[in-house]
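Quick notes on the structure that follows.
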Amino acid sequence: MQARKKRKVNPHLRPLKPTEFRVIEEFMKKLGTNLEEPPENLMALETPKARYIDVFSVPEGVRELLKHFQTHYSAGLYLGYIEKGRFKPGLPLARKLALDCNRKIKCIKLDDEGEKRFLYRRAVKQENIIEWHEGVTVVVNKQGEPLGWGKGVVEEGVRAVKPLKDLGWYLRRGG
Amino acid sequence: MNLDSIVFADYKYTREVLELSEKFGYEPSIVYRYVEVLGLEGAWRLLEANENPLPETIRCNDYLIDCGVLKARLEGKGFRLRGIPLAPHGFEVLEQPLPIGATHEYLMGYYYVQDPGSMVVVYVLDPKPGEFIIDMAAAPGGKATQVLQLTRDKARILAVDVSSRRLKALRSHMQRMGFTSYLAVKMDARLLPETLKADRVLLDAPSSGEGIIRKDPGRKLKGKLEDLKRIHELQVSLLEKAYNLVEEGGVIVYAACSTAVEEGEYVIHKLLESKSDIRVESPRMEGLSPGVAAYRGVEFNWGVAGCSRLWPHIHGTEGFFICKLVKSGK
């Protein structure tokens, strides 16, 4: 019997599965907020052989266009990616959430030198931190502008911020 | 009558063309075209203007920041900026203490490094909130991000490109600059489904790049006639596709970063001659030069003169051809 030819699957956006949705919900809960995006907007970009899925919030009008194509490259607001059941937030989500700093979310705030170090993907020490919180959160500069995602840690009794994803990525990535 | 045999007939170079080509280091066919359109004196002025490198220019993203505030912030860091008359959001970078593409403000999405002619194309398109817009050769995203900037992220844009590498840059710029109302797809725009009907279609066509010699002097030695014919044919097929994708009453903006008539007026001429329900609309912008009405003895459809041009020696920009077309559907 002749083997059936496998259909080639292209990268494409599909609705988020409930388990995937819960992973993001958990992450947001830890931050002290919730995802305000309508659940129907949330979509996963599934790429063959990739070990992760990119997650986007795709507005309704844009979502209507998806059916015209078998393959999609990107769309809407990029939230981050899910890999091995964990959500890794992206930079556009940091920008969106930075508006809620000091209201819903406890953000980390850096001074000018701290901003510079952070955008070079370097850890920032206590002397350059204006506001500090433990764990993963949004990092902003002294004007409240988003710089990315960082993790507030205590090392040898000193507070520090480790960059997880900073805006400098746009340059390092070369695009 | 097949005009290709006239427009693409072999060039017979005069002594002046050969001398100018040698003096400025050009492939003679480019200089031949300059002289054909501008006369000897105009060609000389264009060749001289092309010797001045194109200054770096940026487009302020007023979706995220007030342009006055951005100017003050960059000047506080030692940059010197000057407004661009043709581009309301544009600044020419006169002095830069560090590369303009490496500031914190750039990373925050407050501007895009973009040549002025490219900015003008989107002002001519004049997108409105709520519209559905197709950008047929969208990457790396300069014009697509500008469309969303002008519509406050309220138009829907379908950004199409054949290159994954360039789409990666488009995605990055969309994210950096805070825009979300888009779908990017990797495909040849000629294969787009015609069930899609857009309010506006933007076609910044793949071109010879003859318009950016100020930026890339290596292009002085390209531009052979056979290459130009191949590019022209691709441009014609893409423009026909744009016509099929636009709604009745909708707008197409065709642009090419080139000074060659074969990539500009002659492409538009073919569409106007083959479709009765499309017309050229002059852009509501002052300062642009008109399209070339006749070339190599061929008089184009009268509408072609309503298209626009940017010339390095007149506007101080890159060379650009821009044409706004309206499909009446009647």
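The values are calculated or read from the model by the stated rules, or taken from the named source; none is laboratory data. Model, not experiment: these values are computed from the prediction. A quick note on method: Cβ atoms are made from the backbone with ideal geometry, for glycine too, and the neighbour counts reach across all protein chains shown. Accessible surface areas use protein heavy atoms only, side chains included; no ligands, DNA or RNA. Shrake-Rupley method; radii C 1.70, N 1.55, O 1.52, S 1.80 Å.
Some notes on this structure:
Residue-by-condition table, conditions (1) part of a loop (DSSP other than H, G, I, E, B); (2) more than 24 Å from B:Ala293 (Cα to Cα):
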position: B:Ile6; (1), (2): no, no
position: B:Arg45; (1), (2): no, no
position: B:Asn52; (1), (2): yes, yes
position: B:Gly68; (1), (2): no, yes
position: B:Met119; (1), (2): no, yes
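- Residue in the stretch B:44-64 that is touching a strand residue (DSSP E or B) at 6+ places or on another chain (Cβ under 9 Å), within 12 Å of chain A (Cβ to nearest Cβ), open to solvent by less than 30 Å² (accessible area, probe 1.4 Å) and not polar (S, T, N, Q) present: no
- Residue check for B:Asp115: among the charged types (D, E, K, R), touching a residue at least 40 places away in the same chain (Cβ under 8 Å) and touching an Asp or Glu at 6+ places or on another chain (Cβ under 6 Å): yes
- Cross-chain or 6+ apart pairs with Cβ under 7 Å, the stretch A:159-170 first and closer than 19 Å to B:Ala102 by Cα and facing chain B (nearest Cβ under 8 Å), then among the hydroxyl-bearing types (Ser, Thr, Tyr) and open to solvent by less than 70 Å² (accessible area, probe 1.4 Å): A:Tyr170/B:Ser172
- Looking only at the stretch B:66-91, residues that are of a type in the set (Val, Ile, Thr) and surrounded by fewer than 18 Cβ atoms within 10 Å (Cβ to Cβ) come to 1 in all.
- Within the stretch A:112-154, the set of residues being within 14 Å of chain B (Cβ to nearest Cβ) and over 22 Å from B:Gly109 (Cβ atoms) comprises A:Glu113 only.
- Residue check for B:Tyr123: under 27 Å from B:Ser258 (Cβ atoms) and crowded, with 22+ Cβ neighbours inside 10 Å: no
- Contact annotation: residue pairs with Cβ atoms under 8 Å, 6 or more positions apart or on different chains, pairing a residue in the stretch B:92-107 that is farther than 17 Å from B:Gln175 by Cα and open to solvent by less than 40 Å² (accessible area, probe 1.4 Å) with a partner that is part of a helix (DSSP H, G or I) and among the hydroxyl-bearing types (Ser, Thr, Tyr), are B:Ile100/B:Tyr106.
- Residues in the stretch A:126-140 that are aliphatic (A, V, I, L, M) and either within 13 Å of A:Lys151 (Cα to Cα) or in contact with a Ser or Thr (Cβ under 8 Å, 6 or more places away or on another chain) (or both): A:Ile129, A:Val136, A:Val138, A:Val139, A:Val140.
- Evaluated against (1) touching a helix residue (DSSP H, G or I) at 6+ places or on another chain (Cβ under 8 Å); (2) assigned to a strand (DSSP E or B), A:Leu171 falls short on exactly one condition, (2).
- Qualifying residue in the stretch B:142-149 (condition: within 14 Å of chain A (Cβ to nearest Cβ) and either at pLDDT below 95 or farther than 26 Å from A:Gly61 by Cα (or both)): no
- Top-ranked residue in the stretch B:285-297 [being in contact (Cβ under 8 Å) with a residue 60 or more places away in the chain and open to solvent by 10 Å² or more (accessible area, probe 1.4 Å); ranked as farthest from B:Asp115 (Cα to Cα)]: B:Gly297
- Matching residues in the stretch B:109-120 - criterion: being within 14 Å of chain A (Cβ to nearest Cβ) and open to solvent by less than 10 Å² (accessible area, probe 1.4 Å): B:Gly109, B:Tyr111
- Yes/no for B:Pro127 being at pLDDT 95 or above, more than 11 Å from chain A (Cβ to nearest Cβ) and under 29 Å from B:Ser282 (Cβ atoms): yes
- Residue in the stretch B:161-174 that is in contact with a His (Cβ under 7 Å, 6 or more places away or on another chain), of a type outside the set (Val, Ile, Thr), modelled with pLDDT of 95 or more and not in a helix (DSSP H, G or I) present: no
- Selection within the stretch B:8-33: residues that are aromatic (Phe, Trp, Tyr) and more than 17 Å from B:Asp227 (Cβ to Cβ). The member of this set that is most open to solvent (accessible area, probe 1.4 Å) is B:Tyr13.
- Count of the stretch B:170-202 residues which are more than 7 Å from chain A (Cβ to nearest Cβ), among the basic types (Lys, Arg) and surrounded by 22 or more Cβ atoms within 10 Å (Cβ to Cβ): 1
- When B:Leu167 is tested against (1) over 30 Å from A:Leu97 (Cβ atoms); (2) open to solvent by less than 20 Å² (accessible area, probe 1.4 Å); (3) within 12 Å of chain A (Cβ to nearest Cβ), only condition (1) is not met.
- Where B:Lys143 falls short, out of the listed (1) under 20 Å from the mean Cα position of the chain (by Cα); (2) not assigned by TED's automatic domain parsing to the domain that holds B:Cys257: (2)
- Leading residue by the ranking (farthest from the other protein chains (Cβ to nearest Cβ)) among those in the stretch A:44-89 that are closer than 24 Å to A:Pro163 by Cα and charged (D, E, K, R): A:Lys84
- Annotation: of all residues in the stretch B:152-163 being open to solvent by 10 Å² or more (accessible area, probe 1.4 Å) and over 12 Å from B:Ala137 (Cα atoms), the one that is nearest to the other protein chains (Cβ to nearest Cβ) is B:Arg156.
- Pairs, first open to solvent by 30 Å² or more (accessible area, probe 1.4 Å) in the stretch B:210-232, second in a helix (DSSP H, G or I) and among the polar types (S, T, N, Q), C-beta under 8 Å, six or more apart: B:Lys224/B:Ser29
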